[in-house]
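In what follows, a single structure is set out as structure tokens and then discussed.
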Amino acid sequence: MISRRACFRNLIQSLRTGSTASKLRSSNCYTSRTAPSLQPVVELSPDSDDEYADVDWDNLGFSLRPTDYMYITKCSGGDSFEEGHLSRYGNIELSPSAGVLNYGQGLFEGTKAYRRENGRLCLFRPDQNAIRMQAGAERMCMPSPSIHQFVEAVKQTAFANKRWIPPPGKGSLYIRPLLMGSGPVLGLGPAPECTFLIYASPVGNYFKEGLAPLNLFIDDEYHRATRGGAGGVKTITNYSPVLKALTRAKSRGFSDVLYLDSVYKKNIEEVSSCNVFIVKDNVISTPATGGTILEGVTRKSIVDIALDHGYQVKEQCIPVEEVMEADEVFCTGTAVGVAAVGSITYQGKRVEYKMGDQCVSQELFSTYMGIQKGDIEDKKGWILEID
Ligand SMILES: *Cc1c(COP(=O)(O)O)cnc(C)c1O
């Protein structure tokens, strides 16, 4: 057995020299699955060297399936994070007075690693997630990892868990970076220490509908974000307040909620965890971001693809009436991809939209997927190979 400190030195060293996860495993360097910050290093039997983890790849939904490693680093009294390390995936210790637990000082991100038909492992625009985390950290009074550190950490996490990246076409490894105020505070204020952590889970489709069109409910009672609030950043404080509207809509058979702006209560904003687009007479529109809408990486990518395909794209205010008269509606997000909306219900009225292969959303989605899979040349430098 080797000391904990030597263990992490070895881990970091092996990462620097481009080691593989199996080298990590053979370094006899494991922490327990619980509370890695306190547990002594214990020797575990190495994980199998199989190319794939033992998972039923055909039945992946969007639920947590813990993987082998997570990445963790801290920042206290300064602006820069320590060099991070991979440790066994497991519980973390927090002070009961941690800023994140008491005042919700926290952010999350979401990106995916894919396996291509040729075996290459890829990430899609992780630098965009890094930039968004920086903006969120600024808003939430936290230091943030540099773009380089963020992207490297995502790469390391994906690579160390590569046996959990599904076979081509079966899904992806969802990578979840977290930034949180982990130090203790009692009076309201920024926590004295922050933790940057990344874990991962293999996932399939986000909605239980699979690839079937979504049925959205427009809620005119609950709002997701307010002017001057933090709807434009991925702070954890934006998500539990929508659970009420979301569970109510789901219990009535809807897939998700489409929220309205909180000032006029008449313009659409977005769905609980994805952006929204409408198509009318071949013109594509999406609500303009102005601090109440999360600027999705997928949203931005789909706008670029649509412009490349010669569509007119408008980022503007979209009143509910226009949505009810649209030809097509679709949602975008890392977790959902590009999801067609089959119907929207508002104040008891249900309208249905065009769906199927001839849809604009399908055309854009197939280009987006084609770039990810490598079938379409990546002219924009969106793909980052990790192996
Ligand atoms: C994460 C998220 C999105 C989608 O962002 P992507 O970068 O495309 O994954 C959209 N809306 C909300 C509220 C989100 O949390």
(message) Looking for something at pLDDT 95 or above, within 13 Å of the ligand (Cβ to nearest atom) and out of contact with any Lys or Arg (no Cβ under 9 Å at 6 or more places or on another chain) - is there at least one such residue anywhere in region 326-337?
(response) yes
(request) Looking at (1) of a type outside the set (A, V, I, L, M); (2) under 18 Å from residue 153 (Cα atoms); (3) at pLDDT 50 or above, find the lone condition where residue 48 falls short. (result) (2)
(message) Anything in region 68-107 that is in contact with a helix residue (DSSP H, G or I) (Cβ under 6 Å, 6 or more places away or on another chain) and closer than 29 Å to residue 51 by Cα? List them, or say none.
(response) 69, 71, 84, 85, 86
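Return the residues of region 214-247 that are of a type in the set (Lys, Arg) and in contact with a Phe, Trp or Tyr (Cβ under 9 Å, 6 or more places away or on another chain); say none if nothing qualifies. Steps first, please.
Residues of region 214-247 that are of a type in the set (Lys, Arg), as a first pass: 224, 227, 234, 244.
If the condition is that a residue be of a type in the set (Lys, Arg) and in contact with a Phe, Trp or Tyr (Cβ under 9 Å, 6 or more places away or on another chain), then 224, 234, 244 are the ones that fit.
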(message) Suppose we filter region 144-171 for residues that are buried (at least 23 other Cβ atoms within 10 Å of the Cβ) and polar (S, T, N, Q); how many remain?
(response) 3
(request) Starting from region 237-251, keep only residues that are over 19 Å from residue 345 (Cα atoms), then list their pairs with residues that are within 12 Å of the ligand (Cβ to nearest atom) and polar (S, T, N, Q) whose Cβ atoms are within a distance under 6 Å, requiring at least 6 positions of separation or different chains. (result) none
(request) Filter region 230-280 down to the residues that are in contact with a helix residue (DSSP H, G or I) (Cβ under 8 Å, 6 or more places away or on another chain), away from the ligand (no atom under 13 Å from the Cβ) and of a type in the set (Lys, Arg), then identify the one that is farthest from residue 326 (Cα to Cα). (result) 266
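Take region 291-315 and flag every residue that is without any contact (Cβ under 8 Å) to a residue 60 or more places away in the chain, closer than 24 Å to residue 139 by Cα and not basic (Lys, Arg). Reasoning before the result, please.
Within region 291-315, the first condition is being without any contact (Cβ under 8 Å) to a residue 60 or more places away in the chain, and the residues that meet it are 296, 299, 303, 306-315.
Among the residues that remain, those that are also closer than 24 Å to residue 139 by Cα are: 296, 299, 315.
Correct list: 296, 315.
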(message) I'd like to know if region 187-204 contains one or more residues that are modelled with pLDDT under 95 and part of a loop (DSSP other than H, G, I, E, B).
(response) yes
(request) Please state which one of 322, 269 is more than 19 Å from residue 235 (Cβ to Cβ), assigned by TED's automatic domain parsing to the domain that holds residue 229 and either at pLDDT below 95 or acidic (Asp, Glu) (or both). (result) 322
(message) Looking at the structure I just gave you, is residue 141 among the hydrophobic types (A, V, I, L, M, F, W, C), surrounded by fewer than 22 Cβ atoms within 10 Å (Cβ to Cβ) and in contact with a Cys (Cβ under 7 Å, 6 or more places away or on another chain)?
(response) no
(message) I'd like to verify a number: residues in region 177-208 that are over 18 Å from residue 81 (Cα atoms) and among the charged types (D, E, K, R), how many?
(response) 1
(message) I'd like the residue in region 287-297 that is touching a Cys at 6+ places or on another chain (Cβ under 8 Å) and within 13 Å of the ligand (Cβ to nearest atom) and, out of all such residues, is nearest to residue 266 (Cα to Cα).
(response) 287
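The values are calculated or read from the model by the stated rules, or taken from the named source; none is laboratory data. Here the structure is a predicted model, which is why all the values come from computation and not from measurement. No Cβ is skipped: glycine too gets one built from the backbone with ideal geometry, and neighbour counts run over all protein chains shown.
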